[in-house]
Amino acid sequence: MGFGRTTPILRIFDEAKAREFYLDFLGFQLDWEHRFEPGFPLYLQVSRSGCVLHLSEHHGDACPGSAVRIETDELDAFHAGLTAANYRYARPGIENTPWGSREVRIADPFGNRLTFFQPEPG
C-alpha cells in the first residue's frame, strides 16, 4: 500500500503578511494562487525544495494555530538564511532536543507553528 505526498493547509488572514512571511522571510516560492472572483478569499500554494504548503483565507479550510514539522538536511544553512533576512517579527534560534533532533521553531503571523528539523546523526 502506498501513500502520496502530504500537503498541509494553513489558515491565513492577510495576504501581504503571508507573502512577507512565507516568501520573503522563509524563502518559499509562489507556485500558484486562486480566487473564485475578485474580492473573494485567496488560496495559494508555496514551495521550497520538496516542501509544499497550501495557504488559505477560506474560513472552513483550516484552523489557526496548526502545527507542521518540516524535515531538512541543511538546518544550519536554513537558519543562516533566516537570520540574514532580518525579519522584524521573528529571530528564531536552533534548539538541540532531547529526542535527537535539532530544530528551528517559528510561528507565522496567524498563529500557525512551523518546526524545521534535522535529525541528529546516529
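The values are calculated or read from the model by the stated rules, or taken from the named source; none is laboratory data. What you are looking at is a predicted structure, and each value in this text was computed from that prediction instead of being measured. Because the Cβ atoms are built from the backbone with ideal geometry, glycine has one as well, and the counts that use them run over all protein chains shown. Side chains included, ligands, DNA and RNA excluded: accessible areas come from the protein's heavy atoms. Shrake-Rupley method; radii C 1.70, N 1.55, O 1.52, S 1.80 Å.
Here the dipole of the chain is about 200 debye; that uses its Cα centre as origin and unit charges on the Cβ of Lys and Arg (positive) and Asp and Glu (negative).
How much accessible area per residue does the chain have, in Å², with a 1.4 Å probe? Let's see the in-between values first.
Numbers: 7350 Å² over 122 residues.
On a per-residue basis, the chain sits at 60 Å².
For chymotrypsin sites (Phe, Trp or Tyr not before Pro), the sites in region 56-122 that DSSP calls loop and that have at most 12 other Cβ atoms within 10 Å are Tyr89, Trp99. For the chain, the longest principal axis of the Cα atoms and the long axis of helix 75-85 meet at an angle of about 50 degrees. Which option, [x] 54; [y] 69; [z] 45, is the value of percent of Cα pairs over 18 Å apart that was calculated from these coordinates? Correct label is [x]. A straight line joining the Cα centroids of region 82-115 and region 1-61 runs 19 Å.
Nearest-5 percent of antiparallel DSSP beta bridges in the chain?
Percentage antiparallel, nearest 5: 70.
Of the chymotrypsin sites (Phe, Trp or Tyr not before Pro) found in region 19-62, the ones in coil according to DSSP and having at most 16 other Cβ atoms within 10 Å of their Cβ are Phe36.
Rolling a 1.4 Å probe over the protein heavy atoms of region 3-70, with every protein chain left in place, gives an accessible area that is 53 percent carbon and sulfur. Simple rule: put +1 on each Lys or Arg Cβ and -1 on each Asp or Glu Cβ in the chain, find the dipole, and look at Gly111, Gly39, Ala77; the Cα lying farthest toward the positive end is Gly111.
Go through region 1-68 and name the trypsin sites (Lys or Arg not before Pro) that are in a DSSP coil and have 15 or fewer other Cβ atoms within 10 Å of their Cβ.
Values: sites: Arg5, Arg11, Lys17, Arg19, Arg35, Arg48; in loops: Arg5, Arg35.
Answer by residue number: Arg5, Arg35.
Rounded to the nearest 20 debye, the dipole size of region 58-122 about its Cα centre is 300 debye, using +1 on the Cβ of Lys and Arg and -1 on the Cβ of Asp and Glu. Only helices enter the 222 nm calculation for the chain: every DSSP H run of n ≥ 4 contributes -39,500 (n - 2.57), and dividing by all residues gives -3000 deg cm²/dmol, rounded to 500. Taken about its Cα centre, region 1-66 carries a charge dipole of roughly 260 debye when the Cβ of each Lys and Arg holds +1 and the Cβ of each Asp and Glu holds -1. Counted residue by residue at 0.36 nm each, then reduced by the alpha carbon distance between them, the extension gain from Tyr87 to Trp99 reaches 1.4 nm.
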